[in-house]
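The values are calculated or read from the model by the stated rules, or taken from the named source; none is laboratory data. Here the structure is a predicted model, which means the values were calculated and not measured. A quick note on method: Cβ atoms are made from the backbone with ideal geometry, for glycine too, and the neighbour counts reach across all protein chains shown.
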Ligand SMILES: C[S@@+](CC[C@H](N)C(=O)[O-])C[C@H]1O[C@@H](n2cnc3c(N)ncnc32)[C@H](O)[C@@H]1O
């Protein structure tokens, strides 16, 4: 794609001036917390071209204007959904699920917590909360009656990703990303060319649309997975969100950020815990 001077016209026809890009970037951050790089016009054009075509718009300036209109809630939702990155996989990074199985669930059992709650705070298409639920099923099989139940709340800002998660049906490509053959045959039911997560694993997970910047949770959690989402936010937003998360956790609760996300400089509410499996955090 060619980029000249202060204006950019993508191959798809979307026109973006520097000024409109800056306004769009600020508006997207207000709406979702997502802070785009200084010059990601090509990304914006490729992610929004289809939507702008649907709405009959050819310049980003027009889109920015319409985003401010009270009646354009659906447009705001669609823009957020188009701009999120939903990359995920089963048992991503491995170690959080190993720590859950080997350290955290045994600790809760020995403390007599009968119904622990886990929050998957940017769950995308469901692989993370269902991976957690599979670990719980495996634990309950080894330790029958250890818990009355483990409740998993899974939230995301992206309604389309949540639709996929609720449907719990995955194609060959997504199944190949991180699932062992043993877990596939144990926790999935084949339906034609797709695999559906078994009821026992699914029933434990409740999905809800929620913006981490604004939404509130009604329960306190023993553990929170907030992985590979803080990277999209500015430092101040990370601080605010980590404060909200700390407020939604029980004392001594565990927090898993993404494998490459360090939270120490944004929050002193948590202490780092090192195990032989990897690093996670604990609410002080
Ligand atoms: C890269 S995925 C990470 C999924 C999963 N946690 C993992 O690590 O595999 C990031 C997710 O964060 C969600 N997200 C982005 N901004 C958000 C916000 N302000 N509130 C809630 N979710 C958000 C996106 O919709 C996307 O599904």
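What do you reckon, is residue 35 in contact with a helix residue (DSSP H, G or I) (Cβ under 8 Å, 6 or more places away or on another chain), away from the ligand (no atom under 16 Å from the Cβ) and under 24 Å from residue 125 (Cα atoms)?
Answer is no for this residue.
Inside the range 108-119, can you point out the residues that are buried (at least 18 other Cβ atoms within 10 Å of the Cβ) and either within 16 Å of the ligand (Cβ to nearest atom) or more than 26 Å from residue 258 (Cβ to Cβ) (or both)?
Matches in the range 108-119: 118, 119.
Evaluate the following for residue 232: is it in contact with a strand residue (DSSP E or B) (Cβ under 6 Å, 6 or more places away or on another chain) and within 18 Å of residue 118 (Cα to Cα)?
In short, no.
Is it the case that residue 119 is under 22 Å from the mean Cα position of the chain (by Cα) and not assigned by TED's automatic domain parsing to the domain that holds residue 156?
In short, no.
Counting just the residues of the range 51-94 that are at positive phi and either within 16 Å of the ligand (Cβ to nearest atom) or buried (at least 18 other Cβ atoms within 10 Å of the Cβ) (or both), which one comes out farthest from the chain's Cα centre (by Cα)?
Among those residues, the one meeting the criterion is 94.
May I ask you to list the residues in the range 120-143 that are near the ligand (Cβ under 7 Å from one of its atoms) and either assigned to a helix (DSSP H, G or I) or farther than 21 Å from residue 220 by Cα (or both)?
Within the range 120-143, 124, 127, 128 meet the criteria.
Assess whether residue 266 counts as being touching a helix residue (DSSP H, G or I) at 6+ places or on another chain (Cβ under 6 Å) and either within 16 Å of the ligand (Cβ to nearest atom) or not assigned by TED's automatic domain parsing to the domain that holds residue 152 (or both).
yes
Mind listing just one residue for me: the one in the range 182-235 that is buried (at least 18 other Cβ atoms within 10 Å of the Cβ) and over 23 Å from residue 136 (Cβ atoms) and, of those, farthest from the chain's Cα centre (by Cα)?
It comes out as 233.
Can you name every residue in the range 26-42 that is at pLDDT below 95 and not in a loop (DSSP other than H, G, I, E, B)?
Within the range 26-42, 41, 42 qualify.
I'm trying to understand the selection: among the residues of the range 95-107, which are touching a helix residue (DSSP H, G or I) at 6+ places or on another chain (Cβ under 8 Å), farther than 24 Å from residue 157 by Cα and within 16 Å of the ligand (Cβ to nearest atom)?
Answer for the range 95-107, where residues must be touching a helix residue (DSSP H, G or I) at 6+ places or on another chain (Cβ under 8 Å), farther than 24 Å from residue 157 by Cα and within 16 Å of the ligand (Cβ to nearest atom): just 100.
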